[in-house]
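Note sheet for the following structure.
The values are calculated or read from the model by the stated rules, or taken from the named source; none is laboratory data. Quantities reported herein were computed from a predicted structural model and do not represent experimental measurements. Reconstructed Cβ throughout: ideal geometry from the backbone, glycine too, with neighbour counts over all protein chains shown. Protein only, heavy atoms only, side chains kept; ligands, DNA and RNA dropped before computing areas. Shrake-Rupley method; radii C 1.70, N 1.55, O 1.52, S 1.80 Å.
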Amino acid sequence: MKLKNIFASVFSALFIFSYVSISWAGIGIKINNRLVESDVEPQIIEGRTMVPVRAIFEGVGADVKWNAEDKTITGTKGNTTIVMVIGEKSMTVNGENINMDGSAMIIDARTYAPARYVAEAFDYDVSWNGELKEVIIKSKPASKVTTEAVTETASVKTTEASTETTTTETTTMSAADILNSSPVEGVGAELYKTIKNDFNSAFKIYYIGNANNNRFQRATYNKLFEVWLYNAKTKDEELFVSYSKTAYVNMVTTCSRIDQRKAKYPTNANVAEYCVKRKDSLEELIKKYFSSKNLDEAKKNSEAIKKFASATPVK
């Protein structure tokens, strides 16, 4: 990657939010349509959204190293190395100094910094969706020159292959094949993976007694639902979103009921064992839902999660 391209990205429009208090439930961060997972929440510092640096580094596929002695965090991906120093409003990209509009800082033993500087230095585009309150980080599309070069090379190889006496048969996926490359017939891989990742991200951080976490808040998952529906391109995908919404809401309901039962009998060993088994059974139902082969199965498996939620007693 050429440094001049990095500089052009880094000095693009400032990514600054208004001076208001916003909770994590109101802000999402997605990298290539995948929700960023982190054990700590983003913070609003002096009107700017500060995010856990490690989460962004790892989200774009960079290796991360922390040096406690000189308080630096280093991210490396390919030929690009970024170094940030706690308390300094600058970072280095392959040894070149880049100014930032906010300094890296430590909050609750975690390093925070403005998301866009890290992402853009690794050649990602960064934007802000004000309606959904989401930071959107996406890989930059391949340049036209690169695309044309690849196409030309492929054409030459195809022509040369056709003149040979012996050829090797190749299989090219059609548009329909690509669309249906998810397990659920009629549902595209991108939408399927987005929804599955959102489920996994929510259930991964749940433990008994933690059903009030941010991923289970209505304000949060309603925004996820909006994104799912926005990304649905066909009627079949809209149906899958509908079934997924039902499954998600009842996943939350089940966990809330498990927590209520445990809270009512905090010292009862049988109740504790029951709650653990109930959580494990819910996990299996979620896995079964995402193993659906078609929309009829998805609907059936979604309804199974709904019935499971209703059958989970509080008393």
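Things to note:
- The 1.4 Å probe gives accessible areas that order TYR207, TYR112, TYR265, largest first, as TYR207, TYR265, TYR112.
- Where the alpha-carbon atoms of region 190-300 are placed on the principal axes, they occupy 50, 28, 16 Å, in descending order.
- Counted charge near PRO183, where neighbours are those whose Cβ lies closer than 12 Å (Asp, Glu -1; Lys, Arg +1): +3
- Full extension of the chain segment joining ASN210 with ASP63 gains 49.8 nm, where the gain is 0.36 nm per residue of separation less the Cα-Cα distance.
- Cross-link partners of LYS89 among lysines (Cα-Cα below 18 Å; sequence separation of 8 or more within a chain): LYS71
- Spin-label model, ILE86/LYS315: points 7 Å from Cα along the beta carbon direction are separated by 5.4 nm.
- When both region 105-127 and region 269-292 are represented by their alpha-carbon centers, they are found 36 Å apart.
- Packing, taken as the mean count of other beta carbons within 10 Å per residue, orders the peptides 114-127, 65-78, 291-304, 236-249 from highest to lowest as 114-127, 236-249, 291-304, 65-78.
- The modelled label-to-label distance for the pair THR267/ASP280, using points 7 Å beyond Cα in the direction of Cβ, is 2.6 nm.
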